[in-house]
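No value in this document is a laboratory result; all are computed from the given coordinates. Predicted model, so just to flag it, every value in this text is computed and none were measured. Reconstructed Cβ throughout: ideal geometry from the backbone, glycine too, with neighbour counts over all protein chains shown.
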Amino acid sequence: MAGLFFNMLKEEWRIHSTMFGSLNFALFPVMICAIAFMGTFLLPLIQTTMPVGDLVILIHAQYLMLGFMVGAFGLLGHEVMNRRFGQASLLAFSARILPLNPRHIFTIFVLKDTVYYFFLWIFPVGAGFLVGSLFTGIPVFYPLNILLTLSLSFLTGMSVVFFLSSLYGRSGKALFVFLIFAGLVFLGWFTFTGTNPATLFPPLILFYQFSWDILLESCMVVLVPCCIALLLFSPDIQPGTKNYPNRMKPLIHHLNRLPNPPLAAKDMIDLWRSGSIVGQTIFSFLVPLIIIWFFLSLLDEYVSPIHLLLTFAMITGIIASTMYTWLCMFDSFSVYALLPLHVRDVITSKITSFTLLQVIPIFFIAMITFLSGQGEFLLPVLVLTLSVSYYVLAVSIWLTGLSPSVLVYNVRVMVQYFLFIGFALSIFGSLTSMNPWFGLVGVMLLVPAYWLVRLGMRKWDREEVVGY
Amino acid sequence: MESIIETKSLTKKYGDLTAVNAVTLNVRKGSLFGLLGPNGSGKTTMIKMLTGQILPSSGNAHVLGLDVAIDPVGVRTLVGIIPEQESPPSFLTVMEYLEFVGDIRKIPDLEQKVDWWFDFLEYGDKRNVLCKDLSRGTRQKLMLTQAFIHNPELALIDEPLINFDPIMQDKVKAFFVSYTKQGNTLFISTHLLETAEEICSEVAILHVGNLLYTGTMESVKAGNRHLSDLFLSLVRT
């Protein structure tokens, strides 16, 4: 077991290091640590404008969301992992050729990913905060506590989505029944007690009031869904040959006014037949955003409802931009390299497909706007969501080309990603805090977005086709 | 005779590793050219450079008169390619993939051409099956179809027969020979020496990135010598 685990760790390392070098990958957690370290010195300043309690909620919500976004292991039963790196044969699929139990391999695979995420994202924050506390006089208990509670927040998110995606892998209907049931429980709780269910989040309670009982409870919230998910996991057994109706021709016909219709049609077919359009929409979009909404609602004493909604619109825009990753995970450019296509043609088609997918965030944010009783601000909310989504998409294209899920762990890429997104969001966050209608100014983001896409296309056209 | 492929000191380096070292080569129109070499000799890298999938580190290559480093898409418009690892997109059916290729290459009368290939390679019953569910042999048939369906005057194929049964191998070999007799050119890379000896009109031998031999099959066979004798004598020294 240990041998397979360490080999999987090595394999994951090499997937990234062959793309952009070991040093750039190794520096990624160092960068997170440095940001946390510097953030410690800013805490006294932040406290003057934002209550510490709200900051704590936001950080925990972010880590919970990160867990949600990476935890859809249950979709692996449908070979998502195999496709993610094209023709690469990963150890996770060794069960086919080695005398190993698929569930055993899968458990180690999940464990490996958890360890990676811990050392890439969670431990560096705690370490940076701990080192910073030595200089700022913050008691050592706090950084250790936050390391524990952030780990638990992340693991809770991961384990819940792992469970939900595994349930989906077994039966889509069972998932919907479960989600409706859970939604009713949350709604009932909210209606009868008048308290936000997010206040029940064990890691948050643990942060404010450490006790062994709550720690145990937090661990159970992580372990129980995770164990059920592992039990639900079923390896994807090669099905008998199944015939499918031809969707290419009608789709090309429907999309013929858009650039590169066959490429966009292929994206749509990939998303639909792989089950990703439903799976990713639920696990990487709806679930994280709904939970984030509950957490943001806790800030309503500090932030007015409309500013909360506009902040949420920007977060929705950022999450919506990750739909680009959904589109790039099925193939690499090598699939297209046999054909008379430039990298820029494929990127253009991904933007077309991305645009088709934007109907999901539009519908979602419009619903949230009306449900929160602020329908009159629908226009700035929509403009801000879409502008942020396209802007972050443009940054991703420029920095990562057609490999967003791998190159994002290049420290240089990540630093630029943070800077470009942070800069734009600070400006628009400040503008909308002055007047909600300034959200309309978000449309200006499309200018740098256009420029970044052009720059990205030129850059990736010059790059060689990489092996994955 | 007119050169279809012309390389001058073509080199590819990956860090300290030289995958292809200063290869100068001419492939004449109408020839069935076999690039031979053991595993890791640089054959695949050579094909990738000739089709503009990767850029040379130095030297140059012209394919059908186009510089592959300057106009790789122009080259890929004119040629047919089958890579070493056949990789049709997973979630498209066979027919959808061929329509996808047909639309990108703007092929007229696609359905008639597809039907001809289905009949010839005997896999029409798989037209609505997802590419990911195909056997390796059927995938190879699909890749062969996509490479030739636009009737290119040059096709570059990495290990063309390796996934076929002997009956299909015979059929495909006969197709290759008749294809070149029509004035088209075929550039195949293989380590199956018997196949190369049987169908190739010209061969080149590559070993650890270096071009050790190039010549016609007649010159290889001079003095009752077999291709395998020449190959082994060059590679083992």
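Just one of the listed residues (A:169, A:194, A:188, A:183) is surrounded by 14 or more Cβ atoms within 10 Å (Cβ to Cβ) and of a type outside the set (A, V, I, L, M, F, W, C), and it is A:169. Of the helices (runs of 4 or more DSSP H) that lie entirely inside region A:329-407, those containing 2 or more residues that are more than 14 Å from every other protein chain (Cβ to nearest Cβ) and farther than 29 Å from residue A:21 by Cα span A:343-357, A:359-371, A:378-400.
From the list B:172, B:177, B:208, the lone residue that is out of contact with any strand residue (DSSP E or B) (no Cβ under 6 Å at 6 or more places or on another chain) and over 14 Å from residue B:32 (Cα atoms) is B:208. For region A:21-56, taking the residues that are of a type outside the set (Gly, Ala, Ser) and farther than 20 Å from residue A:418 by Cβ, the one that is surrounded by the fewest Cβ atoms within 10 Å (Cβ to Cβ) is identified as A:48.
Quick check, is residue A:182 within 21 Å of residue A:278 (Cα to Cα), free of Cβ contacts under 8 Å to residues at least 40 places away in the same chain and outside any loop (DSSP other than H, G, I, E, B)? Against the criterion (within 21 Å of residue A:278 (Cα to Cα), free of Cβ contacts under 8 Å to residues at least 40 places away in the same chain and outside any loop (DSSP other than H, G, I, E, B)), residue A:182 qualifies.
Report, by residue number, each residue of region A:110-126 that is β-branched (Val, Ile, Thr) and over 21 Å from residue A:142 (Cβ atoms).
A:110, A:114, A:115, listed by residue number.
Looking at B:52, B:102, B:30, which is the one that is within 11 Å of another protein chain (Cβ to nearest Cβ), assigned to a loop (DSSP other than H, G, I, E, B) and of a type in the set (Gly, Ala, Ser)? Every option except B:52 fails the conditions. Taken over region B:110-155, residues that are touching a residue at least 60 places away in the same chain (Cβ under 8 Å) and on the phi > 0 side of the Ramachandran plot amount to 0.
Which is more than 17 Å from residue A:308 (Cα to Cα), crowded, with 23+ Cβ neighbours inside 10 Å, of a type in the set (Val, Ile, Thr) and under 17 Å from the mean Cα position of the chain (by Cα), of A:346, A:413, A:392, A:408?
Working: A:346 fails: under 17 Å from the mean Cα position of the chain (by Cα); A:413 fails: crowded, with 23+ Cβ neighbours inside 10 Å; A:408 fails: crowded, with 23+ Cβ neighbours inside 10 Å.
Result of the check over A:346, A:413, A:392, A:408: A:392.
Residues in region B:81-99 that are within 7 Å of another protein chain (Cβ to nearest Cβ) and either farther than 15 Å from residue B:134 by Cβ or assigned to a helix (DSSP H, G or I) (or both): B:81, B:83, B:95, B:96, B:99. For region B:56-80, filtering for residues that are surrounded by 19 or more Cβ atoms within 10 Å (Cβ to Cβ) and either within 8 Å of chain A (Cβ to nearest Cβ) or of a type in the set (Gly, Ala, Ser) (or both) leaves 3. If you go through region A:191-214 and pick out every residue that is among the aliphatic types (A, V, I, L, M) and touching a residue at least 40 places away in the same chain (Cβ under 8 Å), you end up with 3.
Answer with yes or no whether residue B:197 is without any contact (Cβ under 8 Å) to a residue 24 or more places away in the chain, charged (D, E, K, R) and either in contact with a strand residue (DSSP E or B) (Cβ under 9 Å, 6 or more places away or on another chain) or over 29 Å from residue B:110 (Cα atoms) (or both). No: the conditions fail for residue B:197.
Residue-by-condition table, conditions (1) in contact with an Asp or Glu (Cβ under 9 Å, 6 or more places away or on another chain); (2) closer than 18 Å to residue A:133 by Cβ:
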| position | (1), (2) |
| --- | --- |
| A:9 | no, no |
| A:12 | yes, no |
| A:15 | no, no |
| A:36 | no, yes |
| A:39 | no, yes |
| A:55 | no, yes |
| A:61 | no, no |
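Table: residues versus (1) in a helix (DSSP H, G or I); (2) farther than 30 Å from residue A:154 by Cβ; (3) within 14 Å of another protein chain (Cβ to nearest Cβ); (4) touching a residue at least 60 places away in the same chain (Cβ under 8 Å).
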| site | (1), (2), (3), (4) |
| --- | --- |
| A:280 | yes, no, no, yes |
| A:290 | yes, no, no, no |
| A:299 | no, no, no, yes |
| A:309 | yes, no, no, yes |
| A:313 | yes, no, no, yes |
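In the list A:242, A:266, A:249, which residue meets the criterion of being facing another protein chain (nearest Cβ under 10 Å) and exposed (fewer than 13 other Cβ atoms within 10 Å of the Cβ)? The conditions single out A:242.
If a residue has to be of a type outside the set (A, V, I, L, M, F, W, C), away from every other protein chain (no Cβ under 14 Å) and assigned to a helix (DSSP H, G or I) to count, how many in region B:40-49 make the cut?
Summing the residues that are of a type outside the set (A, V, I, L, M, F, W, C), away from every other protein chain (no Cβ under 14 Å) and assigned to a helix (DSSP H, G or I) in region B:40-49 gives 1.
Just one of (1) exposed (fewer than 11 other Cβ atoms within 10 Å of the Cβ); (2) away from chain B (no Cβ under 14 Å) fails for residue A:203. It is (1). Restricting B:156, B:193, B:186, B:134 to residues that are touching a Phe, Trp or Tyr at 6+ places or on another chain (Cβ under 8 Å), within 14 Å of another protein chain (Cβ to nearest Cβ) and not acidic (Asp, Glu) narrows the list to B:156. Against the conditions (1) part of a helix (DSSP H, G or I); (2) more than 10 Å from chain B (Cβ to nearest Cβ), residue A:259 satisfies every one except (1).
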